[in-house]
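Participant: Mind having a look at this structure? Questions to follow.
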Amino acid sequence: MQSLNEVAYESILSDILKLKFLPGERIQDKQLIERLKISRTPVREAILRLKNDGLMTTVPQSGTYVTRISLRSALNARFVRQSVERSVVTEAAQQMNKLNILDSRNMIEKQKLASEEHNAVDFFLLRQ
């Protein structure tokens, strides 16, 4: 069973990743407490973790915000991801059988459909 800290963290993280909280959006503890129906401490602990992860920031005398996306960071992450994925795909291809290939093709077709429909949430969930 997950702790309340973990529940709060996973919920807020999911909302950020699914763009329910937009980059630059102000986040208020009180609203999170009411929505998640948990006490202030787990919510604050979750926000601290998200700050450590670089996904939230606090501006003194202003509030807590979802971190804006840095183009430089995004490009660096893309470069790293492409480099890692090449080796992962190469290794996976060496271990593939026909059933895996059919599953992979099915997944790619679903991702294409989600992309064509501009459905980022489904596309993101299909990565697994």
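The values are calculated or read from the model by the stated rules, or taken from the named source; none is laboratory data. Just so it is clear, the model here is predicted, and its values are computed rather than measured. Cβ: placed from backbone, ideal geometry, glycine included. Neighbour counts: every protein chain shown. Side chains included, ligands, DNA and RNA excluded: accessible areas come from the protein's heavy atoms. Shrake-Rupley method; radii C 1.70, N 1.55, O 1.52, S 1.80 Å.
Participant: Restricting to DSSP loop positions (anything but H, G, I, E, B) with no more than 15 other Cβ atoms inside 10 Å of their own Cβ, which trypsin sites (Lys or Arg not before Pro) remain in region 23-128?
Facilitator: Those satisfying the criteria are 37, 68, 127.
Participant: Percent of Cα-Cα pairs per 5 Å bin, from 0 to the last occupied bin, for the chain, please list those.
Facilitator: Over the chain, the share of Cα pairs per 5 Å bin runs 2, 9, 13, 16, 16, 13, 12, 10, 5, 3, 1, 0 percent.
Participant: With runs of 4+ DSSP H residues as the only contributors, calculate the mean residue ellipticity of the chain at 222 nm using -39,500 (n - 2.57) per run, divided by the residue total and rounded to the nearest 500.
Facilitator: Value at 222 nm, helices only: -21500 deg cm²/dmol.
Participant: Moving to a separate point now. Which of the lysines could be linked to residue 30 by a straight reach, that is with a Cα gap under 23 Å, when you skip same-chain ones fewer than 8 residues away?
Facilitator: Of all the lysines, those that pass the test against residue 30 - Cα under 23 Å, at least 8 places apart if same chain - are 18, 20, 51.
Participant: Could you look at region 72-128 and say what percent of its accessible area is carbon and sulfur, using a 1.4 Å probe and all protein chains?
Facilitator: 56
Participant: With a cap of 14 neighbouring Cβ atoms within 10 Å, and only residues DSSP puts in a loop, list the GluC sites (Glu not before Pro) found in region 52-128.
Facilitator: Loop-located and lightly packed - 117.
Participant: Provide the per residue accessible area, probe 1.4 Å, for the chain, rounded to a whole number of square angstrom.
Facilitator: So the chain comes to 78 Å² accessible per residue, rounded to a whole number.
Participant: Working from Cα positions, state the angle (0 to 90°, nearest 10) between the long axis of helix 98-116 and the longest principal axis of the chain.
Facilitator: Taking the Cα atoms of the chain, the angle to 98-116 is about 50 degrees.
Participant: In debye, nearest 20, what is the charge dipole magnitude of region 1-96 about its Cα centre with +1 on Lys and Arg Cβ and -1 on Asp and Glu Cβ, if you could check?
Facilitator: 320
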